[in-house]
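K.L.:
Got a structure for you, questions after.
No value in this document is a laboratory result; all are computed from the given coordinates. The shown structure was predicted, so the numbers you read here are calculated from the model rather than taken from an experiment. Here the Cβ positions follow ideal geometry from the backbone for every residue, glycine too, while neighbour counts run over all protein chains shown.
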Amino acid sequence: MRTTFFGLNIGAKGLAAQQRALDITGHNIVNANTEGYTRQSVVLQSDYPIKTVNGFVGTGVKITDVQRMRDNYLDLQYRTENKAMGYWKFKDNTLQKIEVILNEPSNAGLRSTLDKFWAAWEDLSRTPESSAVRTTVIETGQAVVETFNHMDRQFRELRDDIDNSINVYIREINSIASQIRDLNYQIVKGEAEGPKANDLRDKRDLLLDQLSEIVDIEVVEDKRGSISVTIGGRALVSGNVVNQIYGKQDVNNDNLTKIIWADGTEVRIKSGLMKGMLESRDEIVVDFMAKLDKMAYSFATKLNESHSQGFHLLADTGFITENYQGITLGNKIDFTSSVTLNGTLNLKINGTTTSVSVDGTFNSADELADYLNGQLGAVNARVYNVDGAIKFVSDNAEIEIVHTGSPDDIAEDLGFYQNPGSGQYDVIVTKIPSFFVVTDKNSPFSAANIAINTNIKDNVNLITAASNPPYGGIENIKGDGGNALRIAQLKYDATTIEGTTLDDYYRSETSKLGIKAREANRMVENQGLVLSQLENKREMVMGVSLDEEMTNMIRFQHAYNSAARYITVVDEMLEILINGLGRVGR
Amino acid sequence: MRITQRVLINNMLRNYNNSMKKMNQLNLQLSSGSRINKPSDDPAGLVTSLRIRTKLEQNEQFKKNVGDAISWVERAETTFNALTQVLQRVRELTVKGANSTNDLSALEAIADEIGQLKDEVGDLANTALDDRYIFGGTRTMQKPYDPATGQWAGNSNLISFEISENIAMSVNFDGGVFGINMDSNPPDMSKSIFATLDKIIGDLRGENFSELSTTDLAELDRHINELLRFRSQAGAKVNRLELVESRLVDMEINFTELLAENESVDMARLIIDLKNQENVYRASLAAGAQIIQPTLVDFLR
């Protein structure tokens, strides 16, 4: 026999189920634009039937599950592609910034300033008498120096910027990790009773998406619903435990940030935004800075070398100025047969007396010059052979040949004549200043460490335009632009840097950079396409379609109305039963 | 396949973005007039571009150098012409003076005139171009010839200008033009034009007619012939320089063309592309607007 109120129960369950379904539909609709929201789908099943004398009878509807429509495999694919996106995005960004620093092709980049500098030397070779032209050499040289300095500064700033970004993202990673831990706890607690904590999982997945762009992560979910996130094999988050990462200053790397775990081991990052940042900071920018430094070094040393072989216009260049007793002017030693020397040469360098012992047989002025260089040792002077004459050159040191008159004094043998009668000692070729000097004496030339010698800036006549020695006085070489010409032709010198000219080297490096930038740009575009395809696929599974929800809404509304009507019918039946029975004949 | 609004919108947005990117790129090229605005636009083209720009600047420099060189040599040439004329006049006077029928006052007059001509030669020796003495070798700021002492202070260093890549040409003549022996130190004036003129004046005043008509005339002729040689040298240099100059002008045109080919944009094509892209963009905007607006909500009561 059927229970009296059995029908009502079916109706009530129906109402509840349809109401619930409507709630979920409403939830989907209002969250249609929420980022990371996965649509929820209600699963209605008929409730357990009961056995009656008429057979099995159904007992109504129940909601067995609220499904979260999410494809985990698509999520995995998305995160895998996302890290490559992050990596290339940052590299592309960095390379674009470097292109801006280089500023080529243009009339303001390094190429242009270098061309103008060489042009100034050409002008000097034609009119070495003109101090205006000499000043132009200094000005254009200053422009080159400033361009080198400026570019170096900008690269350093870029490197520091990237370092700052790395620190910002370290904090970001830690923050996301904490949030994931909190969600882990809540999800486990919530799901302990059975049903899935859909919205919490949505939040967690969104965090994982964000994290996957920054570093390459591996995600594993355990039976209780808690996930562990690992980077480079070590767990960032595991259940309720967060292992934070830290940024520490690395003394081996210019005090830039190194990313480490709490115990000091370095975090192994292979992809993602973080890897892009590390590579940009430590490889791309550093590479280019090194190349720039190389250019500055080769440029400055080559120019100084040629500059030191010329002669300038200051009266105390100290070359022999008189012809004495028919001896041919000049300090040329006759090397037609080998020259044997045995004695000492006495020098005064900046007022301090030094003795250089000379002992050997020499076949050429070059040999003798090399030997003397070796004997000078720590003294800040160099010996050159210029057209068979021995020349001492020093950067701002005053060198005097001292004739002691003792029998082993070989000053005269080396071509340094004493001016008799006047009692004066010939001051030989002092102060051929270097054109370029270093600002930091402890390091070699580099893009930051290069400047024009202030002595030359103060007196432009110190530029060694002349290639002939000032025999007979400096008036004789005022029109001599031979050394200026030689310097101007350095731009064709294919031994300047790595077997090519300076210009060629710069061009090829700039072009290489352009190729890298193009590649990065292309990769970003390609990854963008791949990612958007994956996004679409995910969207198709988990996205809310308003039309669909509207249709569902109608569906559930009708079902609700019908259930309500059914209850009315049952109610009327009961009404008759309760109030109508037992009133026969009344 | 289940398509939601978001899928439609995502696709639409992505395509708009691509359209905009293309338009941006075209716009950038159009407004700068250049196809290569940064190295990544065309790395290989960039190398060519940089190289040609450098060559253009070098070419400018060479043109300047050649122009200067031509000035130098032409100035020397003019001087040689004047000098030849002076020597011809001296020869005339010497022939006249060698005629033993002249009396002392006539000889004195001739000697005076030759004296004046000697001063003229001195002036020519001190010819200057832009305040630089051209016959003094590298001693350009002071007169090579001192009339008072008769000494030659100039040297025989060459002044060379770079007229083409790694090719330098000397543009000056030294005291050798005036018959001075520049190999000795100090320069040996004993066989110079000045010495010859001095001797002629001396011979005139000393009435050494035989000397005048033999040795002196022979020396004069020697100088005149030497001058001829220098004149042709100068002429040859000028010719060569002018050839180089016209070649440089041609090269400039070539390089500029190459640079334009390499770097500039084809304006017409670019504008058509831009218009095209604009149309595509507008069409997609219109279509997108139609698609994303209506939902079922509009149609339910």
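K.L.:
Round to a whole angstrom and tell me the spacing of the C-alpha centers of the range B:109-177 and the range A:487-540.
P.N.:
Comparing the Cα centres of the range B:109-177 and the range A:487-540, I get a distance of 57 Å.
K.L.:
Let me ask something additional. If the viscosity is 0.890 mPa s and the temperature 25 °C, what Stokes-Einstein diffusion coefficient in µm²/s follows for the range B:258-301 when Rh is the Kirkwood radius over Cα pairs? Please list the in-between numbers first.
P.N.:
Values: Rh = 13.8 Å.
This corresponds to a translational diffusion coefficient of 178 µm²/s.
K.L.:
Summing +1 for each Lys or Arg and -1 for each Asp or Glu, what net charge is found among the other residues whose Cβ lies under 14 Å from the Cβ of B:GLU211? Working shown, then result.
P.N.:
On the way: positive: B:LYS199, B:ARG205; negative: B:ASP198, B:ASP203, B:GLU207, B:ASP216, B:GLU219.
Local net charge: -3.
K.L.:
What is the diffusion coefficient of the range A:1-43 in µm²/s, taking the Kirkwood radius over Cα pairs and the Stokes-Einstein relation at 25 °C with a viscosity of 0.890 mPa s?
P.N.:
Estimated diffusion coefficient is 198 µm²/s.
K.L.:
Next question. What does the charge add up to near B:TYR133, with Lys and Arg as +1, Asp and Glu as -1, over the other residues with Cβ less than 15 Å from its Cβ?
P.N.:
-3
K.L.:
I've got another one for you. If I stretch the segment between A:THR59 and A:LEU546 completely, what's the gain in nm (0.36 nm per residue apart, minus their alpha carbon distance), one decimal?
P.N.:
So the extension gain works out to 172.1 nm.
K.L.:
Take the Cβ-Cβ distance between A:THR495 and A:ASN459 as r, set R0 to 22 Å, and report the resulting FRET efficiency rounded to the nearest 0.05.
P.N.:
Using R0 = 22 Å, I get an efficiency of 0.10.
K.L.:
Oh, and also: Using only C-alpha atoms and all pairs of different ones, pull out the Kirkwood radius for the range B:181-301 in Å with one decimal.
P.N.:
Answer for the range B:181-301: a Kirkwood hydrodynamic radius of 23.7 Å.
K.L.:
Could you tally the net charge around A:LEU74, taking each other residue with its Cβ under 12 Å from the Cβ of A:LEU74, Lys/Arg +1 and Asp/Glu -1?
P.N.:
Within the 12 Å Cβ shell, the charges total -3.
K.L.:
Which angle from 0 to 90°, rounded to the nearest 10, does the C-alpha axis of helix A:546-575 make with the longest principal axis of chain A?
P.N.:
Taking the Cα atoms of chain A, the angle to A:546-575 is about 20 degrees.
K.L.:
Filter A:LYS203/A:LYS537; A:LYS97/A:LYS512; A:LYS89/A:LYS294; A:LYS83/A:LYS203; A:LYS270/A:LYS294 down to the pairs with a C-alpha to C-alpha distance above 26 Å, please.
P.N.:
Correct reply: A:LYS89/A:LYS294; A:LYS270/A:LYS294.
K.L.:
Can you give the direction-averaged projected area of the convex hull of the alpha-carbon atoms in the range B:53-258, in nm²?
P.N.:
Mean projected area for the range B:53-258: 12.4 nm², to one decimal.
K.L.:
Right, here's the next one. Show me, bin by bin at 10 Å from 0, the whole-percent P(r) of the range A:172-294 based on Cα pairs.
P.N.:
Binned Cα distances yield the sequence 12, 38, 26, 14, 7, 2, 0.
K.L.:
Modelling each spin label as a point 7 Å along the Cα-to-Cβ direction, I'd like the A:GLU172/A:LEU8 distance in nm, to one decimal.
P.N.:
About 6.1 nm separates the two model spin labels.
K.L.:
If r is the Cβ-Cβ distance from B:ALA260 to B:GLU113 and R0 is 60 Å, what FRET efficiency results, to the nearest 0.05?
P.N.:
After rounding to 0.05, the efficiency reads 0.40.
K.L.:
Specify the longest stretch of chain A that does not include any exposed loop site, a site being one of the GluC sites (Glu not before Pro) with a non-H, G, I, E, B DSSP assignment and at most 10 other Cβ atoms within 10 Å.
P.N.:
A:194-586
K.L.:
Continuing with the same structure: Can you tell me the orientation of helix A:285-307 relative to chain A, as the angle in degrees between its alpha-carbon axis and the longest Cα principal axis, to the nearest 10?
P.N.:
10 degrees
K.L.:
Kindly provide log₁₀ I(q)/I(0) values, in the same order as q = 0.12 Å⁻¹, from the Debye equation applied to equal alpha-carbon scatterers of chain A.
P.N.:
Scattering profile of chain A, log10 relative to I(0): -1.15.
K.L.:
Continuing with the same structure: Give the relative contact order (percent, whole number) for chain A; include only Cα pairs under 8 Å separated by 6+ residues.
P.N.:
21 percent
K.L.:
Here is a further query. Under the rule of -39500 (n - 2.57) per DSSP H run of 4 or more residues, summed and divided by the residues of chain A, what mean residue ellipticity at 222 nm is obtained, to the nearest 500 deg cm²/dmol?
P.N.:
Estimated from H runs of four or more residues: -16500 deg cm²/dmol.
K.L.:
Could you give the distance between the Cα centres of the range A:160-223 and the range B:216-295, to the whole Å?
P.N.:
Between the Cα centre of the range A:160-223 and that of the range B:216-295, the gap is 61 Å.
K.L.:
Based on the Cα coordinates of the range A:72-199, what is the per residue volume of their convex hull in Å³?
P.N.:
Considering the Cα atoms of the range A:72-199, their hull volume per residue is 118 Å³.
K.L.:
Quick check: convex hull of the Cα atoms in the range B:1-95, volume per residue, rounded to a whole Å³?
P.N.:
Working: hull volume 10.1 nm³, N = 95.
In the range B:1-95, the Cα hull volume divided by residue count equals 107 Å³.
K.L.:
If you don't mind, there's one more thing I want to ask. After finding the eigenvalues of the alpha carbon gyration tensor for the range A:527-574, what semi-axes result from the square roots of 5 times each, listed largest first in whole Å?
P.N.:
That gives 45, 7, 4 Å for the three semi-axes.
K.L.:
If you average the sequence gap of Cα pairs under 8 Å that are 6 or more apart and divide by the length of chain B, what percent do you get for the contact order?
P.N.:
Once normalised by length, the contact order is 28 percent.
K.L.:
Taking 7 Å along the Cα-to-C-beta vector as the label spot, tell me the B:SER32-A:ALA132 distance in nanometres, rounded to one decimal.
P.N.:
3.6 nm
K.L.:
Related question: Stick to the Cα atoms of the range A:482-586, pair each with every other, and give me the Kirkwood hydrodynamic radius in Å at one decimal.
P.N.:
Averaging 1/r across every pair of different Cα atoms and inverting gives 23.0 Å.
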